[in-house]
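Inspection log for the structure reproduced underneath, given as structure tokens.
The values are calculated or read from the model by the stated rules, or taken from the named source; none is laboratory data. Source: prediction; values computed, not measured. Backbone-built Cβ (ideal geometry, glycine too); neighbour counts: all protein chains shown.
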Amino acid sequence: MNKKGNKMAAIAPDYLKILQTNPKQSFSVIIRAHNNPQAKAAQLINSGLTITQTFSLIPGFAVTGPASDIITLLDEPWVISIEPDEPVKTSDE
């Protein structure tokens, strides 16, 4: 729960610690969102983040920006989860 009593978005505790330790460093993350993520694009941009991709099958965004700006999204009720944006490999690689 956040300070407002709302449920916080899911984030791996180890990853949150990395973000908190490096607040000015830029990170690339995937933000999963409830319903229509396009309605929140302006909020992301205004908060200092750069949208690199918008997803519709699983609503959300790939964004880059300072860790401190990413952390503030944890309190947003429309954010389901935040995770690192990393390359995906097949099992035979």
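Filtering LYS3, LYS40 for residues that are among the basic types (Lys, Arg) and either exposed (fewer than 15 other Cβ atoms within 10 Å of the Cβ) or at pLDDT 95 or above (or both) leaves a single hit, LYS3. In the stretch 65-78, the condition of being within 18 Å of PHE27 (Cα to Cα), touching a strand residue (DSSP E or B) at 6+ places or on another chain (Cβ under 7 Å), among the β-branched types (Val, Ile, Thr) and assigned to a strand (DSSP E or B) is met by no residue. Can you name every residue in the stretch 15-50 that is polar (S, T, N, Q) and assigned to a loop (DSSP other than H, G, I, E, B)? Those that are polar (S, T, N, Q) and assigned to a loop (DSSP other than H, G, I, E, B): ASN22, GLN25, ASN35, ASN36, SER47. Set side by side, the residues ALA62, ALA67, ALA12 differ, and just one is closer than 23 Å to PRO87 by Cβ and in contact with a Pro (Cβ under 7 Å, 6 or more places away or on another chain), which is ALA67. Restricting the first member to the stretch 63-84 and to residues that are closer than 16 Å to ASN22 by Cβ and loosely packed, with under 14 Cβ neighbours inside 10 Å, and the second to residues that are at pLDDT 95 or above and among the aromatic types (Phe, Trp, Tyr), the beta-carbon pairs closer than 7 Å and six or more apart or on different chains are PRO84/TYR15.
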